[in-house]
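Encoded as structure tokens, the structure appears first; notes follow it.
Please treat every number below as a calculation from the coordinates, not as lab data. Computed from a predicted model, the values in this text were never measured in an experiment. Quick reminder, even Gly has a Cβ in these numbers, built from the backbone with ideal geometry, and neighbours come from all protein chains shown.
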Amino acid sequence: MEEQLTSLIGIDPGLSHPGAVELCRFSHGWTAISVPLLHSIDELSVWLVARMRNPPIGLKLVAVESVQPAVWGMLSKGKTNYESLKIIQCRGVATLFAAFHGVPCVEVAPVTMRKQIVGNAHSDKEQMRAVIRQTVRQWPERCNLNQTDAAAVALTAYRRILPDALVGKMRSRHG
């Protein structure tokens, strides 16, 4: 059995479907362990609570894409405050999850994530998906773009918190 070095959880609250991912780094590189298809913030909260009961081995951090742009986006579209509160709830559950396991909960802005992963702060989600597919083993063919963002936010936060762990550009799945 291969030794697991590091686990990360990434979350993108999203405006339509949230994204979540559990990544592990083995000697061969990053591998997707769990990429659930979630349809609501409530489902994301349930997934996090289930992970809280059975945490990943070697968990180093929980990363959340900044909720401020998502909340402002909802308000500008005339969505109710209840939906905005659900997105803020997601951040709270992630923070609780991280505190429960004694690891940092890192918030990452979308621009920072795009610049770190793709190399261009103005890249689109399809470009992000292409890089994540090259970087993460066992990445599902069918996944929504928020799941891709969840992986990107986890990898970006990992680089920021543990800068000696990955230096330079994203390693390929073989590197």
Q | Spin-label model distance (nm) - residue 89 vs residue 130, 7 Å beyond Cα toward Cβ | A | 3.8
Q: Mind sorting 65, 107 by how few other Cβ atoms lie within 10 Å of their own Cβ, fewest first?
A: 107, 65
Q) Exposure proxy check: 141, 83, 126 ranked by fewest other beta carbons within 10 Å? A) 141, 126, 83
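Suppose every Lys and Arg Cβ carries +1 and every Asp and Glu Cβ carries -1, with no other charges. What dipole size does the stretch 6-161 come out with about its Cα centre, to the nearest 20 debye?
300
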Q: First check a/c for the stretch 6-161, with a ≥ b ≥ c the square roots of the eigenvalues of its C-alpha gyration tensor; if it is under 1.5, answer rounded, and if not, answer prolate when a/b is larger than b/c or oblate otherwise.
A: oblate
**Q.** Amide H partners (placed H, <5 Å) of residue 139, local residues excluded
**A.** 32
**Q.** Residue order, fewest to most surrounding Cβ atoms within 10 angstrom, among 95, 156
**A.** 95, 156
Q | Cut-off under 5 Å, modelled amide H: who pairs with residue 59 long-range | A | 7
